[in-house]
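Below you'll find the structure, written out as structure tokens, and then a few comments.
The values are calculated or read from the model by the stated rules, or taken from the named source; none is laboratory data. Because the structure is a prediction, the values reported are computed rather than measured. Glycine gets a Cβ as well: all are built from the backbone with ideal geometry, and neighbour counts include every protein chain shown.
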């Protein structure tokens, strides 16, 4: 199973939402160039495909030495204003830089 994130890695999380893909790619590349060994991409619902795109663009175009360390999928319960619960899929993609600066 996945290991717990250390305090250093907690700051290396990019939450993927509705912004353009390249915004998230830039965030990941910036963190990696800043010395981060591991960066986690997290997304829920419709943003999951965007998170996968970000990981692939980082690996194929910008940093070919980056590896996918782990992928975790889950379901989260969201409680609405009216008290109803909705299940939403979530993903975490951990990208590892084998030679951080």
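What to note about this one:
- Selection within segment 52-99 - under 15 Å from residue 31 (Cβ atoms), in contact (Cβ under 8 Å) with a residue 40 or more places away in the chain and in a helix (DSSP H, G or I): 54, 55
- All of 6, 75 fail the test of being at pLDDT 95 or above and surrounded by fewer than 12 Cβ atoms within 10 Å (Cβ to Cβ), apart from 75.
- Selection within segment 48-67 - over 22 Å from residue 87 (Cβ atoms) and surrounded by 14 or more Cβ atoms within 10 Å (Cβ to Cβ): 53, 54, 55, 56, 57, 58, 59, 62, 63, 66
- Hits in segment 8-42 (condition: in a loop (DSSP other than H, G, I, E, B) and touching a helix residue (DSSP H, G or I) at 6+ places or on another chain (Cβ under 6 Å)): 12, 16, 17
- Filtered residue count, segment 32-47, keeping only those that are surrounded by fewer than 19 Cβ atoms within 10 Å (Cβ to Cβ) and at negative phi: 6
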